[in-house]
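Q: Before I ask anything, let me first share the structure, which is written out below as structure tokens.
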Amino acid sequence: MDIIVILLSVSGLVLFFATTVGLLRFPDFYSRMHAAGKGDTLSSLIMLLALVFYNFHEMNLANLLVAIKILLIGVFIFMASPTATHAIIDAGYESGIQPWTKKPEEES
Amino acid sequence: MRKVYTFIIMMGFWILLSGKFDLFHLTLGVISSALVSFMSADLFMHETKGPGKLSVGIRFLLYLPWLLYQIGLSTLHVTFLALHPKMKDQIDPTIVTFKTKLKTDLAKVALANSITLTPGTITIRIVDQVFYVHAISRKAAAGLPGEMEDRLANVFERD
Amino acid sequence: MIWQLDLSILTLIVICAFATIMVKDLLSAAIIFGAYSFLMCLLWTEMGAVDVAFTEASVGAGVSTVLFIAAVHQTTRRVGFRKSGRGLSKAVGLVAALLTGLVLVIAEKDFPGFANPFTPASLHVSPYYITQTLHDTNVPNMVTSVLADYRGFDTMFETAVIFTAGLAVIAILRRYKKDDRCDLPDPHVISAGYPDTIIRFVARQLVPFIQLFALYVVAHGHHSPGGGFQGGVILGASFILLAISYDSRMIIGRMSEKWNILLGNIGVLIYAGIGFLCLLLGANFLDYSILSKVLPATDKIMARSHGMLGIETGVAIAVMAIVVSIYINIVSCGKYDKDE
Amino acid sequence: MDSFFIGIGVVLCFLMLLTLHRAIHGPTAIDRIMGVNVIGTKTTILLVIIGTIYHRVDMFIDIALAYALLNFIVTIAASRYFHHHKNLNPKGYGYRFRKEDK
């Protein structure tokens with residue numbers, strides 16, 4: 001059981017790390033948003049799943065309720081995170097950020 | 001009618017949250033759920049048509065595993081791009097538009113969020129029937145709207 | 001206390017605090033302050049102060065950052081500062097800060113050591129609360145019982161302070177003249193952009209869950225962290241979410257100005273009314289155990305528990321009304337019921 | 001197992017530090033909103049992890065739930081600002097003591 005928990009949380013951490021690196025490395029706002037919006041959702045879900053497994057070591061009502069609440073957090077993140085991503089990128093589009101393209105001299 | 005549905009859903013949510021099943025707390029739960037369904041039932045079920053919802057819910061649950069698979073793919077895609085040493089050669093961002101055939105708000109929102117969660121694309125905005133999508137590479141842009149729209153049309157707009 | 005986490009979170013907090021001061025763009029400062037509040041909540045949680053952490057979570061994430069952004073929205077993003085005399089004022093500020101720091105450092109040595117078990121507070125007051133709370137009041141969460149019962153008087157006047165703050169905001173911002181023009185283009189702003197289907201839909205689905213969660217927090221303040229204040233703030237935040245994703249008419253339709261002010265009054269009245277009820281029944285002010293005469297099927301201990309629930313409800317109603325009223329008055333430029 | 005979770009918490013804090021660079025440095029205010037949104041998600045996870053370390057998840061879970069519900073509001077409010085004020089990065093803004101201020 002512990003092996004599953006360790007495996008899941010380490011993979012979640014790796015995905016979080018990739019998200020953060022993407023957040024720092026991508027060239028423009030829109031591509032950074034790809035990193036922030038996508039990497040975050042799945043890695044949070046994986047981490048939460050690991051915590052559910054860890055807290056569910058023995059079967060009783062209290063543990064079951066805690067596990068359900070952690071899963072509820074996952075559901076709300078799953079609903080809210082893409083919407084927040086959309087809100088931010090929409091604000092960027094509205095305020096007229098130029099997307100980065102292969103040939104930067106063509107714009108301007 | 002929609003107040004009753006909202007009340008039932010809220011009561012279920014309360015039982016999950018509360019975890020206390022004595023009479024006092026259940027009474028509080030009934031009062032709170034009634035209050036919430038009085039305040040915001042019209043928000044929660046804006047366009048409901050009644051009991052036809054159940055089959056839609058079941059089909060949506062069947063759609064979720066495919067979506068999770070896509071999310072996994074997209075995360076791996078982003079990871080690959082972020083850690084690639086010559087990342088700027090790999091990406092080629094564009095903004096594309098396309099017209100959808102979905103009609104209800106629910107289906108459009110589900111499509112928009114699915115696009116956001118699948119590899120290489122993010123929905124920027126919806127204006128009436130037209131989606132503005134930012135794609136990180138030409139290949140991702142070419143795949144729009146693709147399979148997803150058909151699946152969602154199957155979920156939400158089949159009679 | 002986990003020192004590894006303590007240290008890393010503290011580093012982040014210090015960086016955030018400096019960044020908030022150094023950034024000149026006020027909108028960015030408000031946003032970074034949001035991150036500061038997240039980290040602060042983590043620090044409280046990590047030290048085990050769960051109720052304080054909950055307050056920080058609900059206020060920081062739900063209300064305060066939104067109010068800052070709304071204020072920046074209605075005024076300006078620019079920081080105003082004088083060109084001349086900056087050197088002198090900075091020198092004066094530095095001297096004042098250094099002097100205050102020196103005084104604090106000197107005063108620090110009179111304090112008891114951190115987590116010292118032999119201070120007067122740890123020897124007399126805390127053990128009583130720790131050992132007797134459950135026996136006295138049947139409330140497992142000590143913080144709730146201390147706030148609402150043992151020190152109910154304090155909390156009542158805290159509620160009154162919040163109420164007064166709401167009144168002050170109304171007195172300063174509200175404009176009653178019909179022809180009073182606002183310089184800004186649209187008084188109902190922050191949200192009246194084009195209709196964004198996705199945000200509206202998701203907000204609509206989330207609002208009932210947020211409201212029910214708020215009521216759950218109020219009702220379960222006895223058993224888990226939370227209580228009237230946090231629940232009220234979250235309830236207010238749900239209305240603010242509606243106002244942001246639609247526009248402020250959406251709230252005004254649900255809660256007109258008259259109702260809003262009335263609700264604020266009712267909240268404080270519930271609190272004071274329960275106190276006076278105890279007085280009428282022949283006990284001290286806010287001594288809930290006497291309520292067992294009125295409430296059916298309760299002994300004295302359960303009466304204290306139920307009395308606390310009553311005043312928590314009052315606090316929640318008052319806080320919710322005040323939060324909504326402050327937000328609407330800032331956003332609509334003081335024209336709450338403009339269209340009516 | 002506890003020390004494993006403490007290690008995970010410290011690594012998450014380190015990642016938050018990296019994200020904070022994006023949140024503080026910008027370049028635009030929208031990048032800052034993005035950074036703060038990511039920090040908010042990480043905070044939610046870290047709250048549950050702290051609860052796990054203390055073996056009282058039932059106490060800490062409510063705070064995490066509140067964050068999962070409320071984190072969304074700040075992001076939307078901040079991004080709504082740009083529907084009315086379209087000046088993204090006006091001149092003379094940024095850090096104090098930069099050259100163009102003088």
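Q: Of (1) facing chain C (nearest Cβ under 7 Å); (2) in contact (Cβ under 8 Å) with a residue 12 or more places away in the chain, D:Leu15 satisfies all except one. Which?
A: (1)
Q: Taking the condition modelled with pLDDT of 85 or more and either within 14 Å of chain D (Cβ to nearest Cβ) or touching a Ser or Thr at 6+ places or on another chain (Cβ under 6 Å) (or both), does C:Gly264 pass?
A: No; evaluated as a whole, the condition is false for this residue.
Q: Please report, ordered by residue number, the helices (runs of 4 or more DSSP H) entirely within segment C:59-138 with at least 1 residues that are within 14 Å of chain D (Cβ to nearest Cβ).
A: Numbers: elements: C:65-74, C:86-108, C:126-137.
It comes to C:65-74, C:86-108.
Q: Then there's this: Somewhere in segment B:50-64, is a residue among the aliphatic types (A, V, I, L, M), crowded, with 19+ Cβ neighbours inside 10 Å and either within 24 Å of the chain's Cα centre (by Cα) or within 14 Å of chain A (Cβ to nearest Cβ) (or both)? Outline the logic, then answer.
A: The first filter runs over segment B:50-64 and keeps only residues among the aliphatic types (A, V, I, L, M), leaving B:54, B:56, B:58, B:61-62, B:64.
Cutting the leftovers down to crowded, with 19+ Cβ neighbours inside 10 Å gives us none.
No, the conditions are met nowhere in segment B:50-64.
Q: Can you tell me which residue in segment C:13-44 is farthest from D:Leu69 (Cα to Cα), limited to those that are of a type in the set (Ser, Thr, Tyr) and over 17 Å from the mean Cα position of the chain (by Cα)?
A: This residue is C:Thr20.
Q: Please determine, by comparing only the residues of segment D:11-53 that are not in a helix (DSSP H, G or I) and not hydroxyl-bearing (Ser, Thr, Tyr), which one is nearest to the chain's Cα centre (by Cα). Walk me through how you get there before you give the answer.
A: Just the residues of segment D:11-53 that are not in a helix (DSSP H, G or I), to begin with: D:26-28.
Subsequent filtering for residues that are not hydroxyl-bearing (Ser, Thr, Tyr) retains D:26-27.
Values: D:Gly26: 13, D:Pro27: 16 Å.
The residue in question is D:Gly26.
Q: Quick one: would you say C:Thr298 is β-branched (Val, Ile, Thr) and free of Cβ contacts under 8 Å to residues at least 24 places away in the same chain? Break it down stepwise before answering.
A: Details: β-branched (Val, Ile, Thr): yes; free of Cβ contacts under 8 Å to residues at least 24 places away in the same chain: yes.
So C:Thr298 fits the description; yes.
Q: For C:Ala283, state whether it is hydrophobic (A, V, I, L, M, F, W, C) and under 24 Å from the mean Cα position of the chain (by Cα).
A: Working: hydrophobic (A, V, I, L, M, F, W, C): yes; under 24 Å from the mean Cα position of the chain (by Cα): no.
No: the conditions fail for C:Ala283.
Q: Given (1) more than 7 Å from every other protein chain (Cβ to nearest Cβ); (2) assigned to a helix (DSSP H, G or I), identify the lone condition not met by A:Met79.
A: (1)
Q: Keeping to segment C:203-223, report how many residues are closer than 22 Å to C:Leu309 by Cβ and in a helix (DSSP H, G or I). Can you show your working first?
A: First, pick out the residues of segment C:203-223 that are closer than 22 Å to C:Leu309 by Cβ: C:210-223.
Now restrict to residues that are in a helix (DSSP H, G or I): C:210-219.
Number of matching residues: 10.
Q: Take the residues in segment C:11-40 that are more than 7 Å from chain D (Cβ to nearest Cβ) and under 20 Å from D:Ala64 (Cα atoms); name whichever of them is surrounded by the most Cβ atoms within 10 Å (Cβ to Cβ).
A: C:Leu39
Q: Quick check on segment B:1-47: of everything there that is of a type in the set (Gly, Ala, Ser) and under 24 Å from the mean Cα position of the chain (by Cα), which residue is surrounded by the fewest Cβ atoms within 10 Å (Cβ to Cβ)?
A: Keep residues of segment B:1-47 that are of a type in the set (Gly, Ala, Ser), which gives B:12, B:18-19, B:29, B:32-34, B:37, B:40-41.
From what's left, under 24 Å from the mean Cα position of the chain (by Cα): B:12, B:37, B:40-41.
Numbers: B:Gly12: 12, B:Ser37: 25, B:Ser40: 23, B:Ala41: 19.
Here the answer is B:Gly12.
Q: Scan segment B:14-42 residue by residue and report those that are in contact (Cβ under 8 Å) with a residue 12 or more places away in the chain and either of a type in the set (A, V, I, L, M, F, W, C) or out of contact with any Phe, Trp or Tyr (no Cβ under 9 Å at 6 or more places or on another chain) (or both). Explain how you work it out, then say what you get.
A: Initially, segment B:14-42 is screened for residues in contact (Cβ under 8 Å) with a residue 12 or more places away in the chain, giving B:14-15, B:29-30, B:32-34, B:36-38, B:40-42.
Once the filter is applied, which keeps residues that are in contact (Cβ under 8 Å) with a residue 12 or more places away in the chain and either of a type in the set (A, V, I, L, M, F, W, C) or out of contact with any Phe, Trp or Tyr (no Cβ under 9 Å at 6 or more places or on another chain) (or both), segment B:14-42 yields B:Trp14, B:Ile15, B:Val30, B:Ala34, B:Val36, B:Phe38, B:Ser40, B:Ala41, B:Asp42.
Q: For B:Ala135, state whether it is buried (at least 20 other Cβ atoms within 10 Å of the Cβ), at pLDDT 80 or above, of a type in the set (Gly, Ala, Ser) and over 18 Å from the mean Cα position of the chain (by Cα).
A: Details: buried (at least 20 other Cβ atoms within 10 Å of the Cβ): yes; at pLDDT 80 or above: yes; of a type in the set (Gly, Ala, Ser): yes; over 18 Å from the mean Cα position of the chain (by Cα): yes.
It is true that B:Ala135 is buried (at least 20 other Cβ atoms within 10 Å of the Cβ), at pLDDT 80 or above, of a type in the set (Gly, Ala, Ser) and over 18 Å from the mean Cα position of the chain (by Cα).
Q: From C:Leu242, C:Leu309, C:Leu281, grab the single residue that is of a type in the set (A, V, I, L, M, F, W, C) and touching a residue at least 60 places away in the same chain (Cβ under 8 Å). Give the steps one after another, and end with the answer.
A: Working: C:Leu242 fails: touching a residue at least 60 places away in the same chain (Cβ under 8 Å); C:Leu281 fails: touching a residue at least 60 places away in the same chain (Cβ under 8 Å).
Answer to the selection: C:Leu309.
Q: Hey, another quick one. Checking the structure you have, find out if any residue of segment D:70-91 is more than 7 Å from every other protein chain (Cβ to nearest Cβ), at pLDDT below 85 and over 30 Å from C:Ile240 (Cα atoms).
A: Residues of segment D:70-91 more than 7 Å from every other protein chain (Cβ to nearest Cβ): D:85, D:87, D:89-91.
Next cut, at pLDDT below 85 only: D:85, D:87, D:89-91.
Filter once more, so that each one left must be over 30 Å from C:Ile240 (Cα atoms): D:91.
Yes, the conditions are met somewhere in segment D:70-91.
Q: When C:Met1 is evaluated against the numbered criteria (1) at pLDDT below 85; (2) within 17 Å of the chain's Cα centre (by Cα), which criterion, by number, is the only one it fails?
A: It fails just one condition, (2).
The values are calculated or read from the model by the stated rules, or taken from the named source; none is laboratory data. Here the structure is a predicted model, which is why all the values come from computation and not from measurement. Please note: Cβ atoms are built from the backbone with ideal geometry, for glycine as well, and neighbour counts cover all protein chains shown.
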